[in-house]
Amino acid sequence: MPFFKKYQSQFQVPAKLSDILSKLTDDSDYAAVFIPSGHDALIGLPESEDVAEVLRWFMHNDRFVISICHGPAAFLALRSGENPLNGYSLCAFPDAADKQTPDIGYMLGHLTWYFGEKLTGMGMTLVNTEIKGSVHQDRKLLTGDSPFAANALGKLAAEQLLKAYVD
């Protein structure tokens, strides 16, 4: 049976994050969580206690956290309570680039806040100031700066996951 057909009903009605959280144990076989990109990541995820708990579970259980572009804005969910990403370095879509997006016609107006400066204020270090398709690894945190980094981040994630779980 083709993969999609086998899981089609699950794709059509995905589980809620809170449902997945309620089933996580130290023995759960999740190897990584991926937080995708887009300005949508700035809405809801930074305030979500469920996102914070997922991040904490993955970090405390020595699993991978993978994110790209604006996805690391979800790490702001760790502002309340313990922040296991304190002291980590990452790359993400730079605030300076977000401040230019209305000028190039990408967005209608300026953002009301910028996630990079908030992550820095939480004890994380941003290693990039430009968009170059860069990826970065700090322990089991794998990040990419923009959609231009998608291929390299996918390769890095595959390499690290195979190394951790197959070798």
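The values are calculated or read from the model by the stated rules, or taken from the named source; none is laboratory data. This structure is a prediction, so every number in the text was calculated from the model and none was measured. Neighbour counts are summed over all protein chains in view; Cβ atoms, including those assigned to glycine, are modelled from backbone coordinates with ideal geometry. The area values use the complete protein model at the heavy-atom level, side chains included, leaving out ligands, DNA and RNA. Shrake-Rupley method; radii C 1.70, N 1.55, O 1.52, S 1.80 Å.
Quick notes
- Computed with a 1.4 Å probe on the full set of protein chains, the accessible area for residue 132 sits at about 150 Å².
- Membrane-span-like helices in the chain, defined purely by DSSP H runs whose alpha carbon atoms cover 20 Å or more axially and whose average Kyte-Doolittle hydropathy reaches -1.0, are 150-165.
- Here the accessible area is traced with a 1.4 Å probe on the protein chains. For the chain, carbon and sulfur cover 55 percent of it.
- From helices alone, the chain scores -9500 deg cm²/dmol at 222 nm; the rule is -39500 (n - 2.57) for each run of n ≥ 4 DSSP H residues, then divide by the residue total.
- Net charge in the neighbourhood of residue 77 (other residues with Cβ under 14 Å of its Cβ; Lys, Arg +1, Asp, Glu -1) is -2.
- Accessible area (Å², per residue) of the chain, counting only protein heavy atoms and a probe of 1.4 Å: 57 Å²
- Rounded to the nearest 20 debye, dipole of region 17-157 from Cβ charges on Lys, Arg, Asp, Glu: 340 debye
- Accessible-area order (highest first, 1.4 angstrom probe) of the listed residues 67, 134: 134, 67
- Cα shape, region 122-167, gyration tensor, a/c 1.5 rule: oblate
- Computed with every protein chain present, the accessible area of residue 25 is close to 70 Å² [probe 1.4 Å].
- 15 Å Cα cut-off, lysine pairs counted over the chain (separation 8 or more, or different chains): 4
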